[in-house]
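Here, each number is a calculation from the coordinates, and none is a lab measurement. Note that the structure is predicted; figures quoted are calculated from it, not measured. Cβ placement follows ideal geometry from the backbone for every residue including glycine, while neighbour counts extend to all protein chains displayed.
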Amino acid sequence: MTQIWIPLNDIPAEGKEITIDEQSIWLEPIAEFKLPYRVVDALSAVLHLLPQEDGCLVRGRITGSVAAPCDRCAEDAVITVKQKFAELLSMQEDLLEPGQDPAVRPAKDGQWLEIEISALLWEEFVISLPLKPLCNEECKGLCPQCGTDLNTGSCDCKDEELDPRLAVLQNLKINK
């Protein structure tokens with residue numbers, strides 16, 4: 001994955017706003033993990049960086065849109081990404097999860113710190129995506145018997161086919 005390291009030495013104490021529109025942050029992991037996403041409108045992140053004693057507070061938002069297969073009918077579902085976030089990136093080892101690489105490191109000359117933000121942006125992007133994308137809320141999906149797209153027409157399959165394992169419950173009466 002592309003890494004973007006930002007040196008904190010040229011960021012004033014009151015903070016600085018930067019825009020990241022490098023598409024490889026999102027496109028490389030999508031390709032690497034063979035995810036079914038396609039960028040429709042370029043993804044962009046606007047970050048406000050506020051240096052801290054041993055790290056940086058990052059506040060930002062990611063915008064854009066991607067297409068993914070609808071969970072019901074497999075047609076393209078366009079997902080608008082509008083993710084706001086705030087994250088403290090720190091050199092303190094106790095704030096890291098086991099196996100996690102630090103996002104803050106001393107620069108090569110050791111005079112200042114630099115932060116890596118592409119992993120944070122990818123994580124926030126993935127969090128913004130729905131678990132089950134839908135092309136629209138009224139999507140009828142596909143017929144489970146013949147595979148017809150029920151949004152474009154109907155099929156001749158029986159609706160009342162009962163699972164034989166549940167046949168014993170067919171005549172069950174429940175008194176309320």
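Quick look at the values:
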| read-out | value |
| --- | --- |
| Cleavage-rule hits (GluC sites (Glu not before Pro)) in the range 10-77: DSSP loop, at most 10 neighbouring Cβ within 10 angstrom | Glu14, Glu53 |
| Positive-pole candidate from Pro12, Val58, Ala68, dipole of the range 1-80, charges at beta carbon | Ala68 |
| Formal net charge of residues neighbouring Leu49 (Cβ-Cβ distance under 14 Å; K, R +1; D, E -1) | -3 |
| Total formal charge among the other residues, if their Cβ is under 13 angstrom from that of Ile18, Lys/Arg +1 and Asp/Glu -1 | -1 |
| Fewest-first sequence of Ile4, Ile117 by Cβ atoms within 10 Å of each Cβ | Ile4, Ile117 |
| For Leu113, distant residues with modelled amide H under 5 Å away | Leu8, Asn9, Ala107 |
| Where only C-alpha atoms are counted, convex hull volume of the chain per residue in Å³ | 226 Å³ |
| Computed [θ] at 222 nm, deg cm²/dmol, the chain (DSSP H ≥ 4; -39,500 (n - 2.57); rounded to nearest 500) | -3500 deg cm²/dmol |
| Sites Asp10 and Asp149, calculated FRET efficiency, Cβ-Cβ separation with R0 45 Å, nearest 0.05 | 0.25 |
| Relative exposure of Phe33, Phe85, judged by other C-beta atoms within 10 Å (fewest first) | Phe33, Phe85 |
| Amide H contacts under 5 Å for Asn151, placed H, 5+ residues apart | Lys140, Gly141 |
| Residue-count net charge about Cys139 - beta-carbon cut-off 9 Å; Lys, Arg +1, Asp, Glu -1 | -2 |
| 27 Å Cα-Cα threshold exceeded, pairs from Lys34/Lys132; Lys82/Lys132; Lys34/Lys158; Lys132/Lys176 | Lys34/Lys158; Lys132/Lys176 |
| Angle in degrees between helix 118-128 and the longest Cα principal axis of the chain, rounded to the nearest 10 | 30 degrees |
